[in-house]
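Here is the structure we will look at, set down as structure tokens.
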Amino acid sequence: MAMTLKALRVNVDMDQKSAAKALGITPETLGSWEQGKTFPNVKQITLIEKLYNTSYNDINFLLENVD
């Protein structure tokens, strides 16, 4: 089952600031990804996979029921 970026972050018990630092981005950028406003590039996705111990196929980049 695919999980959102926020759910993956919470599952590894990281706050947005520490996850952003580990990914080499700002918390604002991570927040934008988590809200589905912008999306990470291929290099960043690889870092996300490692940090959250998941694969690309298990990440839901689009939020459902977004108004």
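The values are calculated or read from the model by the stated rules, or taken from the named source; none is laboratory data. The shown structure was predicted, so the numbers you read here are calculated from the model rather than taken from an experiment. Every residue, glycine among them, receives a Cβ derived from its backbone with ideal geometry; neighbour counts consider all protein chains shown. For accessibility, only protein heavy atoms count, side chains too; no ligands or nucleic acids. Shrake-Rupley method; radii C 1.70, N 1.55, O 1.52, S 1.80 Å.
Averaging sequence separations of C-alpha pairs under 8 Å and six or more residues apart, then dividing by the length of segment 1-53, give the relative contact order as a whole percent. The value is 33 percent. On the chain, 52 percent of the accessible area sits on carbon and sulfur atoms, based on a 1.4 Å probe.
Residues in segment 1-24 near a label at Leu47, defined as backbone nitrogen under 20 Å from the 7 Å Cα→Cβ point? Output list for this probe position: 4-24. The length gained on full extension between Asp13 and Ser55, counted as 0.36 nm times the residue separation minus their Cα-Cα distance, comes to 13.3 nm.
Summing +1 for each Lys or Arg and -1 for each Asp or Glu among the other residues whose beta-carbon sits under 13 angstrom from that of Asn53 gives -1. Radius of gyration over Kirkwood radius for the chain, both on Cα atoms: the Rg/Rh ratio is 0.92.
Within the straight-line cut-off of under 16 Å between alpha carbons, the lysines reachable from Lys21 are Lys6, Lys43, Lys50, sequence neighbours fewer than 8 places apart in one chain being disregarded.
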